[in-house]
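Presented below is the structure to which this report refers.
What follows is calculated from the coordinates using simple rules that are stated; it is not laboratory data. Remember, predicted model here, so these are calculated numbers, not experimental data. When we count neighbours, we look across all protein chains shown, and the Cβ atoms used for this are built from the backbone with ideal geometry, even at glycine.
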Amino acid sequence: MEQEKIEIYGTFGPACKAQDVLEDMIRCGMTGMRLNLSHTTLKKSKEYIDNYKKAASKLGLKPQILIDMQGPELRIGNMDEIYLQEKQTAMFVSNAAISGTETSKDLVVENTQEILRIPVPVEVLEVIKTNMQVLLDDGKIRTKVLEVTGQEAVVQVLMGGKLKSHKSIKIVDVNVTMPILTNYDMENIRQAKEYGVTALMQPFVFSGEDLKKVRELLKKEKMEFLKIFAKIENRMGVEHLDSILPEADLIVIARGDLGNDMPLWELPKVQKNIELACKKYDKPYMVVTQMLSSMEENPLPTRAEVSDIFHAVYHGAKAVMVTGETAVGKYPVEVIKYLSNTALEAKRYLENKAE
């Protein structure tokens with residue numbers, strides 16, 4: 001019995017912008033590309049998209065382009081790249097307070113002072129309190145709030161690292177209400193047809209009502225053809241899966257932020273529960289985050305990574321995706337080769353098992 005084809009997605013970035021590189025990625029099994037709109041726009045990414053379309057046309061592939069929206073995710077504003085050291089003191093400052101407006105797209109914070117300043121959305125400063133922990137860049141950096149005064153907060157670095165603009169912010173055990181789609185998102189959605197976008201990835205879906213609102217906005221903009229991929233990225237999304245599943249075209253098990261919302265040892269159990277829920281509702285799902293993260297620097301994956309990919313597909317994933325591995329990694333073609341071949345091996349195993 002022939003199994004359904006697995007979709008293999010890469011992510012646009014400088015490492016894979018050349019047409020010949022994209023052609024090699026397609027030859028290795030890539031079926032679609034993701035564009036992260038937290039760091040760019042469709043207009044600014046025209047060269048990437050055009051090269052992908054040319055590569056796909058040359059090889060007879062119907063191009064799939066996913067736009068990953070900003071959505072309600074909290075992110076760092078524009079700033080110089082800094083390095084935060086353990087036990088160091090830093091300061092969260094409001095984007096609006098610095099720029100004098102409600103946005104900071106053109107703002108660059110220069111960190112020349114002794115206490116490093118980190119621009120954050122005003123919504124962060126409205127809810128954080130002393131002793132709360134705030135995670136930055138998918139949890140790679142961990143801070144503790146020492147003091148909050150108006151539109152500033154002093155924090156201590158518990159776990160340091162490199163930090164730059166637009167990285168994620170997560171307040172431990174706190175959910176912050178944000179617009180489901182920002183004005184910036186809507187600007188990109190209005191251009192989706194022009195650039196050949198086939199689906200949008202909606203971050204931090206809390207309930208089915210969120211997706212209903214997205215569909216209403218798509219209908220208003222005459223963009224109903226776009227499929228909606230719902231990213232499950234926190235406990236609330238997991239708890240409301242029953243309402244989300246009927247409204248989504250595909251579920252994305254987004255293990256980055258999802259892993260920030262719980263002890264990491266609980267993440268595999270939660271992933272399995274989402275998989276089972278998707279199977280119950282016959283809803284396709286995608287597994288993402290750190291599928292081959294070691295290959296950003298190395299030409300070969302770890303044994304654990306290929307095992308992770310194999311089991312994701314074996315347990316029923318319709319699609320798998322890599323992010324930084326192809327966007328900024330050193331070996332984008334090799335990444336797709338290992339991702340695709342490992343997924344194919346899992347499909348073969350399932351086919352042989354079904355005979």
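Going by average Cβ neighbours within 10 Å, how do the peptides 333-341, 150-158 rank, with the highest at the top?
Highest mean packing first, the order is 333-341, 150-158.
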Review point. Quick one: 224, 275, fewest Cβ neighbours within 10 Å first, how do they rank?
Key: 224, 275
Review point. Taking a spot 7 Å from the Cα of residue 62 along the direction of its beta carbon, which residues of the stretch 1-44 have an amide N less than 19 Å from it?
Key: 3-10, 26-27, 29-34
Revision key, fill the gap. Given Cβ charges of +1 for Lys and Arg and -1 for Asp and Glu, the option among 234, 155, 189 whose Cα lies farthest towards the positive end of the dipole of the chain is 189
Revision key, fill the gap. Which of 222, 87, 44 fluctuates most in a GNM of the chain (C-alpha springs under 10 Å)? That residue is 44
Revision key, fill the gap. HN-Hα couplings for the stretch 288-303 via Karplus (6.51, -1.76, 1.60; θ = phi - 60°), in whole Hz with x for Gly/Pro, come out as 9, 5, 6, 4, 9, 4, 5, 7, 4, 10, 10, x, 10, x, 7, 5
Revision key, fill the gap. Net charge near residue 30 (other residues with Cβ under 15 Å of its Cβ; Lys, Arg +1; Asp, Glu -1) is +3
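What ranking of 27, 142 emerges when the number of other C-beta atoms within 10 Å of each C-beta is taken as an exposure proxy, fewest first? List each step's numbers first, then the result.
On the way: 27 15, 142 21.
Neighbour counts put them in this order, fewest first: 27, 142.
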Check your understanding: What are the ³J(HN,Hα) values, in whole Hz, obtained from phi via the Karplus relation 6.51 cos²θ - 1.76 cosθ + 1.60 with θ = phi - 60°, for each residue of the stretch 25-41 in sequence order, with x given for Gly and Pro?
Key -> 5, 5, 4, 7, x, 5, 10, x, 10, 10, 10, 7, 7, 6, 10, 7, 10
Review point. Along the stretch 165-181, what does the Karplus equation 6.51 cos²θ - 1.76 cosθ + 1.60 (θ = phi - 60°) give for ³J(HN,Hα), rounded to whole Hz, x for Gly and Pro?
Key: 3, 6, 6, 6, 10, 9, 8, 4, 6, 10, 9, 9, 7, 9, x, 4, 9
Point to revise | the chain: most fluctuating residue of 314, 285, 52 per GNM, C-alpha cutoff 10 Å | key: 314
Exercise for review: Determine the distance separating the Cα centre of the stretch 301-317 from the Cα centre of the stretch 144-213; give it in Å without decimals.
Suggested key: 28
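With only alpha-carbon pairs counted, each pair once and no self-pairs, how large is the Kirkwood hydrodynamic radius of the chain in angstroms? Walk me through the intermediate numbers first.
On the way: mean 1/r = 0.0474 Å⁻¹.
Result for the chain, one decimal place: 21.1 Å.
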Check your understanding: For residue 282, what charge total do you get from the other residues with a beta carbon under 15 Å from its beta carbon, if Lys and Arg give +1 and Asp and Glu give -1?
Key -> -1
Exercise for review: Of the options 291, 65, 260, report the single residue whose Cα projects farthest towards the positive end of the charge dipole of the chain (beta-carbon charges: Lys, Arg +1; Asp, Glu -1).
Suggested key: 65
Revision key, fill the gap. Taking alpha-carbon centroids only, the stretch 237-256 lies from the stretch 260-287 a number of Å equal to 9
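Here are some pairs, 222/272; 140/330; 140/280; 170/213; 5/58; 167/330; which of them have Cα atoms lying more than 26 Å apart in this structure?
Details: 222/272 36 Å; 140/330 21 Å; 140/280 34 Å; 170/213 24 Å; 5/58 21 Å; 167/330 21 Å.
With Cα atoms farther than 26 Å apart: 222/272; 140/280.
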Study note, to complete from the structure: The size of the Cβ-based charge dipole (Lys, Arg +1; Asp, Glu -1) of the chain about the Cα centre, to the nearest 20 debye, is 680
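Stick to the Cα atoms of the stretch 221-355, pair each with every other, and give me the Kirkwood hydrodynamic radius in Å at one decimal. Kindly include the intermediate steps, with their values, before the conclusion.
Working: mean 1/r = 0.0635 Å⁻¹.
Taking every pair of different Cα atoms in the stretch 221-355, averaging 1/r and inverting gives 15.7 Å.
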